[in-house]
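The values are calculated or read from the model by the stated rules, or taken from the named source; none is laboratory data. This is a predicted model, so every value here is computed, not measured. We place every Cβ from the backbone using ideal geometry, glycine too, and count neighbours over all the protein chains shown.
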Amino acid sequence: AFADPETKPWLDKFYTLNADWLADDRRKLLAFARDLLNSDYAGHRLTFALFAQSPPFANMAAVYRNFDFDGPLDFVRRAADLSERTLATD
């Protein structure tokens, strides 16, 4: 598309940022970023980052299951001047 005589003027116009960033350099940078993000290595690194120890949702679920909500709930109850019945568990 960048070499096509019909589309080249449009792509040059909209991909050129200034005298230092011409369309061809910007296209090369975007292609380089795409190649890095879509490479096998990037996929491996993303998988490792998300699932090396455990997935993020498993960590959040564990925190939620083990968090002691009594203190924060009482703090909010007192700060909002709520009655004791708001903390009823029946």
Item to complete: Mind listing just one residue for me: the one in the range 55-75 that is outside any helix (DSSP H, G or I) and more than 19 Å from the chain's Cα centre (by Cα) and, of those, nearest to Thr89 (Cα to Cα)?
Response: Phe69
Worksheet item: Among all residue pairs at least 6 apart or on different chains, which show Cβ distances below 6 Å where the first residue, located in the range 19-41, is part of a helix (DSSP H, G or I) and the second is among the polar types (S, T, N, Q)?
Response: Ala23/Thr16
Practice prompt. Find the residue count for the range 76-88, including only residues that are of a type in the set (D, E, K, R) and either under 30 Å from Ala33 (Cβ atoms) or assigned to a loop (DSSP other than H, G, I, E, B) (or both).
Written response: 1
Worksheet item: Of (1) at pLDDT below 85; (2) part of a helix (DSSP H, G or I), Leu11 satisfies all except one. Which?
Response: (1)
